[in-house]
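Student: Sharing a structure here in structure tokens format.
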Amino acid sequence: MRALITGADGMLGAALHSLLLQKHQVVALGRGDVDVCDESSVYRVITELRPEVVFHLAALTDVDACELAPADARRVNAEGTQHVARASQAIGAWLVYPSSIAVFDGEKADPYTEDDPPNPANVYGHSKLAGEEAARANERHIVARSGWLFGGCEADKKFVGKILRLARRSCEIPVVVDRFGSPTYTRDFALGMIRLVEGSYIGTYHVINSGGPASRFEVACAILEYARLTGCTLLPVTSDAFPLPAPRPRMEAAASLRWPLAPLRSWRQALREYIAACMSAS
């Protein structure tokens with residue numbers, strides 16, 4: 001399989017690139033290699049390279065930055081995806097689009113499934129939902145939703161990376177107890193997308209590690225346990241303690257009614273492996 005990755009210099013892109021190289025031919029493009037907002041540039045790159053599958057990872061993923069710059073979020077996450085979808089459709093290539101459980105409003109009591117109607121609570125969610133709709137213009141599309149991703153070790157700027165850094169320099173860390181999600185290892189998410197393509201599956205799937213839902217506090221407790229960080233105390237607080245520009249859904253956990261393969265391993269097993277790998281590399 002000849003694969004093209006946009007946004008390959010991100011946390012998920014690095015994991016996907018590494019896994020694809022084990023079996024497939026890969027061209028990995030970072031932010032400086034192609035501007036997804038430039039339709040002619042996107043068309044030229046894709047038609048010249050002629051991949052069999054495009055993994056379109058290039059996106060704005062900072063939720064608060066999207067809230068403060070909604071035009072930028074839509075231009076990259078929605079219009080950029082539209083450009084990639086049209087170009088990949090023109091050459092008959094598959095399009096794989098990683099999306100987010102943030103397309104839901106978080107008001108549901110239970111984890112969201114693929115059958116639940118999207119209703120985003122913030123600009124980021126709206127832009128990703130628009131990106132999903134654009135991706136589906138390619139007949140051979142896979143929309144893979146996930147959330148609460150961790151990966152990249154020192155490059156991890158998300159929750160797991162933040163807790164690890166804070167725990168090494170703080171005696172106490174306040175962590176919210178009223179937000180729930182499906183922690184997912186970027187490596188497992190990437191492998192799930194690859195397997196969907198290899199199986200020629202089409203449609204929208206929730207690709208998450210099993211074992212959820214979990215609260216932020218529960219995840220933080222597991223992080224300290226697996227990293228053997230005993231000199232830090234976690235303080236349970238509500239999300240009101242962290243006012244942010246973008247509203248955060250209460251429920252960001254997911255379940256899959258459509259996942260056609262064996263379930264992904266538990267988030268605890270994946271997190272334990274990830275932290276062990278980071279510690280051995282440092």
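The values are calculated or read from the model by the stated rules, or taken from the named source; none is laboratory data. All values derive from a computational prediction rather than experimental measurement. Note that we place each Cβ from the backbone using ideal geometry, even for glycine, and neighbour counts take in every protein chain shown.
Student: Among the listed residues Glu154, Glu172, identify the single one that is more than 22 Å from Ser239 (Cα to Cα) and surrounded by fewer than 19 Cβ atoms within 10 Å (Cβ to Cβ).
Tutor: Within the list Glu154, Glu172, the selection yields Glu154.
Student: Sticking with this one: Residues in the stretch 268-281: is at least one under 20 Å from the mean Cα position of the chain (by Cα), under 18 Å from Ser100 (Cβ atoms) and in contact (Cβ under 8 Å) with a residue 40 or more places away in the chain?
Tutor: No, because not a single residue in the stretch 268-281 is under 20 Å from the mean Cα position of the chain (by Cα), under 18 Å from Ser100 (Cβ atoms) and in contact (Cβ under 8 Å) with a residue 40 or more places away in the chain.
Student: Among Val123, Val197, Val207, which is the only one that is surrounded by fewer than 24 Cβ atoms within 10 Å (Cβ to Cβ) and of a type in the set (Val, Ile, Thr)?
Tutor: Just one listed residue meets the conditions, Val197.
Student: Pick out the one residue from Ala90, Ala134 that is in contact with a Phe, Trp or Tyr (Cβ under 9 Å, 6 or more places away or on another chain) and either within 18 Å of Ala254 (Cα to Cα) or buried (at least 16 other Cβ atoms within 10 Å of the Cβ) (or both).
Tutor: Ala134
Student: Just to be sure I understand the filter: pairs with C-beta atoms under 7 Å, separated by 6 or more residues or on different chains, first member in the stretch 193-222 and closer than 16 Å to Leu264 by Cα, second member in a loop (DSSP other than H, G, I, E, B) and among the charged types (D, E, K, R). Which pairs pass?
Tutor: Tyr205/Glu114; Tyr205/Arg258; His206/Glu114; Asn209/Arg265; Ser210/Arg265
Student: Can you spot a residue in the stretch 59-74 that is touching a strand residue (DSSP E or B) at 6+ places or on another chain (Cβ under 7 Å), surrounded by 15 or more Cβ atoms within 10 Å (Cβ to Cβ) and at negative phi?
Tutor: No, because not a single residue in the stretch 59-74 is touching a strand residue (DSSP E or B) at 6+ places or on another chain (Cβ under 7 Å), surrounded by 15 or more Cβ atoms within 10 Å (Cβ to Cβ) and at negative phi.
Student: Turning to a different aspect of this structure: Got a sec? Which of Asp38, Asp33 is under 19 Å from Ala73 (Cα atoms) and charged (D, E, K, R)?
Tutor: Asp38
Student: Let me ask something additional. Is it true that some residue in the stretch 185-207 is among the small types (Gly, Ala, Ser) and farther than 30 Å from Ala90 by Cα?
Tutor: Within the stretch 185-207 (the criterion being among the small types (Gly, Ala, Ser) and farther than 30 Å from Ala90 by Cα), the answer is no, since none of the residues qualifies.
Student: Every residue in the stretch 223-233 that is surrounded by 15 or more Cβ atoms within 10 Å (Cβ to Cβ) and either in contact with a strand residue (DSSP E or B) (Cβ under 8 Å, 6 or more places away or on another chain) or farther than 14 Å from Trp267 by Cβ (or both), please.
Tutor: Leu224, Ala227, Leu229, Cys232
Student: Tell me, which helices (runs of 4 or more DSSP H) lie completely within the stretch 140-228 with 1 or more residues that are in contact with a Ser or Thr (Cβ under 9 Å, 6 or more places away or on another chain) and of a type outside the set (Ser, Thr, Tyr)?
Tutor: 186-198, 216-227
Student: Just to be sure, is Gly147 crowded, with 16+ Cβ neighbours inside 10 Å, under 21 Å from Cys66 (Cα atoms), of a type outside the set (A, V, I, L, M, F, W, C) and at pLDDT below 95?
Tutor: For Gly147, the condition - crowded, with 16+ Cβ neighbours inside 10 Å, under 21 Å from Cys66 (Cα atoms), of a type outside the set (A, V, I, L, M, F, W, C) and at pLDDT below 95 - is met.
Student: Would you pick out the residues in the stretch 260-272 that are buried (at least 19 other Cβ atoms within 10 Å of the Cβ) and either of a type in the set (S, T, N, Q) or in a loop (DSSP other than H, G, I, E, B) (or both)?
Tutor: Leu264
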